[in-house]
Ligand SMILES: NC(=O)c1ccc[n+]([C@@H]2O[C@H](COP(=O)([O-])OP(=O)(O)OC[C@H]3O[C@@H](n4cnc5c(N)ncnc54)[C@H](O)[C@@H]3O)[C@@H](O)[C@H]2O)c1
Ligand SMILES: [Zn+2]
Ligand SMILES: [Zn+2]
């Protein structure tokens, strides 16, 4: 049996590079892809903390990547061996009720499967189920690193943040969390010409990155953060408050920042309950949204990357050879100490 190297969720806190059988076509809608680049997501770190109940030990992790199609099943129509592709973090059968209503994140035959309920992309090869709905043809005129950010990071910022937050011409926006996902929202929100984009984070370096990517204001999170945002917005608060951290404190902060008639768009993955202050919000005509990324915007985002309108390759701060992926995990696990945003893993 042919084998390959793969990064496995061996146990809590233990990423381990192992030899595994090379995947084979199991269903006629499958494709086998040879990975070119992959990356590590904050969600992979959640898995190592034991926060993701659906992901068992022994799983090959990874739900992002740029790859080349190696083999296709008989029913794959849109791709052929040799095609360079972006692997979507969401597997879409395209035909179930949720896929048909534009919500492939909840595809009953897929959804977030790679590196969660099935083996993923942090391996030399990966089996992609429902390949026609789950891969996108990569373009030659954009870099692999830019397209790597279109598997998950930028679609999440755009779909769960910008679209759900209803950002439009003249909006005032606060993005709490200047990590890759918050920055994904930052670069795509600018296409709607909001008046102000206020980035809020604890980390000065990440705020400097946000300024270089177009934030009009940055605020270091602390006791005066609400006052500072109120000063910037003339006492109104913001039309869109995007929560891109995933902890109670930042969701509660968004409730203090949102203006009358505004929207709180939650992007963060939350592991604990949070307070909802209806006693201050009941009369403010606000909307609260939640969303799991559908990655249905990826084809459009590819065009934006191709035309240079967004430059997500700037999120890539560190590059590792695949053989060093365990080291990449330790650097990414202490991202802020290493000024790290996204690691690129090359095969
Ligand atoms: N909804 C979805 O489908 C989806 C998809 C992918 C990721 N996510 C989630 O999005 C969130 C952001 O992802 P990421 O990769 O950018 O994470 P990240 O950890 O790199 O970034 C989070 C940022 O929040 C900042 N932060 C922490 N505490 C803060 C505080 N009290 N005030 C202000 N800032 C604070 C950190 O300094 C960091 O820069 C995570 O919760 C991730 O799991 C959601
Ligand atoms: Zn992810
Ligand atoms: Zn489906």
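Taking the Cα atoms only, what angle lies between the long axis of helix 180-189 and the longest principal axis of the chain, rounded to 10 degrees?
Result, in degrees: 70.
What is the distance, in nm, between label points placed 7 Å from the Cα along the Cα-to-Cβ direction at residue 273 and at residue 3?
In this crude label model, residue 273 to residue 3 measures out at 4.9 nm.
Across the Cα atoms of region 216-347, what radius of gyration and what greatest pairwise Cα-Cα distance (Dmax) are found, in Å?
Values for region 216-347 (Cα only, Rg and Dmax): 18.4, 56 Å.
Roughly how many nanometres apart are two label points built 7 Å out from the Cα toward the Cβ at residue 45 and residue 300?
So the two model labels end up 3.0 nm from each other.
Give, in nm to one decimal, the length gained when the segment between residue 323 and residue 337 is fully stretched (0.36 nm per residue of separation minus the Cα-Cα distance).
Values: separation 14, 0.36 × 14 = 5.04 nm, distance 2.26 nm.
Between residue 323 and residue 337, full extension yields 2.8 nm more.
With no solvent and one equal point scatterer placed on each C-alpha of the chain, evaluate the Debye formula and give log10 I(q)/I(0) for q = 0.13 Å⁻¹, two decimals.
-0.97
Return a whole-number percent for the relative contact order of region 194-347, with Cα pairs under 8 Å and 6 or more residues apart as the contact set.
Relative CO of region 194-347 lands at 14 percent.
Taking every DSSP beta bridge with both residues inside the chain, roughly what % is antiparallel (nearest 5)?
Working: 30 of 58 bridges.
Looking only at bridges with both residues in the chain, the antiparallel portion is about 50 percent.
How would you classify region 201-255 from its alpha-carbon gyration tensor, with a ≥ b ≥ c the square roots of the eigenvalues: rounded for a/c under 1.5, else prolate if a/b is greater than b/c, otherwise oblate?
Details: a/c = 1.56, a/b = 1.13, b/c = 1.37.
The shape class here is oblate.
For a test of the definition: using alpha carbon positions, the gyration tensor, and the 1.5 limit on a/c, classify region 156-290 as rounded, prolate or oblate.
Working: a/c = 1.27, a/b = 1.20, b/c = 1.06.
It is rounded, given that a/c, with a ≥ b ≥ c, falls under 1.5.
If packing is taken as the mean number of other Cβ atoms within 10 Å per residue, what is the order of 160-172, 326-338, highest first?
Sorting 160-172, 326-338 by mean packing, highest first, produces 160-172, 326-338.
Would you please put 43-51, 143-151 in order of how densely packed they are, using the mean number of other Cβ atoms within 10 angstrom per residue and starting with the highest?
Numbers: 43-51: 16.9, 143-151: 24.8.
Those peptides, ordered most packed to least, come out 143-151, 43-51.
Pulled fully out, how much extra length does the chain show between residue 34 and residue 77, if you take 0.36 nm times their separation in residues and subtract their Cα-Cα distance?
Here the answer is 13.6 nm.
Quick check: pseudo-label points 7 Å beyond the Cα along Cα→Cβ at residue 290 and residue 117, how many nm apart are they?
1.8
Any idea what the relative contact order of region 1-83 is, in percent, if you count C-alpha pairs under 8 Å spaced at least 6 apart?
Values: 142 pairs, mean separation 28.8, N = 83.
Over region 1-83, the number comes to 35 percent.
Taking Cα pairs under 8 Å and at least six residues apart, what relative contact order does the chain come out at, in percent? Each step should come with its number before you reach the end.
Details: 845 pairs, mean separation 58.7, N = 347.
Relative contact order comes out at 17 percent.
Once fully extended, how much extra length lies between residue 227 and residue 211, figured as 0.36 nm per residue of separation less the alpha-carbon to alpha-carbon distance?
Between residue 227 and residue 211, full extension yields 3.7 nm more.
We did not get these values from a lab; they are worked out from the coordinates using the rules stated. Just so it is clear, the model here is predicted, and its values are computed rather than measured. Note that each Cβ is placed from the backbone with ideal geometry, even for glycine, and that neighbours are counted across all protein chains shown.
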